[in-house]
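One structure below.
The values are calculated or read from the model by the stated rules, or taken from the named source; none is laboratory data. Quick caveat: nothing in here was measured; it's all calculated off a predicted structure. Backbone-built Cβ (ideal geometry, glycine too); neighbour counts: all protein chains shown.
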Amino acid sequence: MVTWKEFTIHSVQTVIFTPDHSAFVGSRVVATIVRQFGDRFSGDMQVLPVPQDVPSEFPAVVLKSGDGSQEVNAGRGRFNCVWKATGPEASVTLREALDQCVPVLQHYVRETNVGVGRLGLVVQRVCPNDNPALTLIRRFCNEESQKEPFDRSSTFEIHNHKEYAPVYEGVDYRINSWVRCQCGSIEPETASLIRVTQDMNTLAAKSQEHQFDADKIGVFFSMVCEETEAIIKKYFPSENDHASND
Amino acid sequence: MPATIDERTVRQPGKAEFQAWWRYAITAIPDSGMAEDDPRATPDEISPERRQLADAGVLHLSPIVSQLVELWNEPEEEDEYGRLRPTQGAFDRSVGLLVDAAIEAHYEQRAIPSGCVSIDSEGGVRIEWVRPAASVHLVVPASKDNEAYVYHEAGDDYATEDVTPEGLAYWLRLIK
């Protein structure tokens, strides 16, 4: 059985939503980010004027690190900082990736005083597997379902959503938690694998009520870091997890 | 996470969708719609022209911005010649002007040529494009109270004017 220990982080996307950022100017965003993180985002740069009628989440600014492992993309309504694995040897923990991304978000919020109503984290993990469909079916389906109808599945996925209130100091709001376990392969690798995507975010319906400053953003990402790690262990537990729980 | 937009997810636009909107952003011509990011569907064909537009951006600026960042990383102290790093105002205005000028130049399918960045003793920024046939000098003073200007020289023709992104992009046409 596959365990959580066999998964590696493939990408980490940290997101802040800035619904009222009418003063967004791409060139100012570039200056704000490169002033603090210029050494890191020294790779490809894209800045384009985006008309007001284009959805605000579409980025007008894209900054990349020299090795392509980190990226900032920003539009009027949304600011992302992303970490991506650039090869099989690129291995980080979720905490390490967040330590790269979250300070960029916090700097942006402090420098621009932009209102942040919603936050999100999307983590993608991968684990090489010769027969991902069969592995997932055996893990998540009872014996009867394994015989029929999932006896000859070429691909298989489970997709689970929960909304809940995390127990964490400084967090008094509910979050969405999505987990999606899929079969697939990720370029440039062609070997089959299991891909698990976890999407943790604050509720869109509450985005007008929330005002996340830089400190609260830090608390959110610390909280979801712990939550996502705990969740992946529930989906793909190891023997040691059970032993320690007992 | 689902292909359709669900407000409970942090949805990332798909590549085709992203590029379609980049093209829209550049040309301001309404697009027919977004491509679904469903791997079971055949994605919309992105033409080479569209890809070129979508990818153009201002990539060529990175070397100049890198020089600015290098100066910004100098110590805050002064030496016998004055400041070692630009003021924040000069730095921000310089990056802003370069980026906006690059966008203007991009409309004419031109790129901002490589230039040389330095600072003055008060922390103002100077970016110079010097070639045998012509030169263009962008001067961004340390203080926001002073106007930035651009000086150009080509043969017998030379002049100084307050800088705008459009003006800077225009004069940089001299630099081959």
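Results, tabulated for the structure shown:
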{"read-out": "Listing of strands (runs of 3 or more DSSP E) fully contained in segment A:27-84 that carry 1 or more residues being more than 7 Å from chain B (Cβ to nearest Cβ)", "value": "A:61-64, A:70-74, A:78-84"}
{"read-out": "Evaluation of A:SER91 against (1) modelled with pLDDT under 90; (2) part of a loop (DSSP other than H, G, I, E, B); (3) over 29 Å from A:PRO128 (Cα atoms) (one fails), failing number", "value": "(3)"}
{"read-out": "Flag if A:VAL12 is among the hydrophobic types (A, V, I, L, M, F, W, C) and facing another protein chain (nearest Cβ under 9 Å)", "value": "no"}
{"read-out": "Residue that is nearest to A:GLN211 (Cα to Cα) [pool: residues in segment A:134-193 that are without any contact (Cβ under 8 Å) to a residue 24 or more places away in the chain and among the basic types (Lys, Arg)]", "value": "A:LYS162"}
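Here's the yes/no breakdown for (1) touching an Asp or Glu at 6+ places or on another chain (Cβ under 6 Å); (2) part of a strand (DSSP E or B):
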| site | (1), (2) |
| --- | --- |
| A:GLY115 | yes, no |
| A:LEU119 | no, yes |
| A:GLN124 | no, yes |
| A:ARG138 | no, no |
| A:SER153 | no, no |
| A:GLU163 | no, yes |
| A:VAL179 | no, yes |
| A:CYS183 | no, yes |
| A:VAL196 | no, yes |
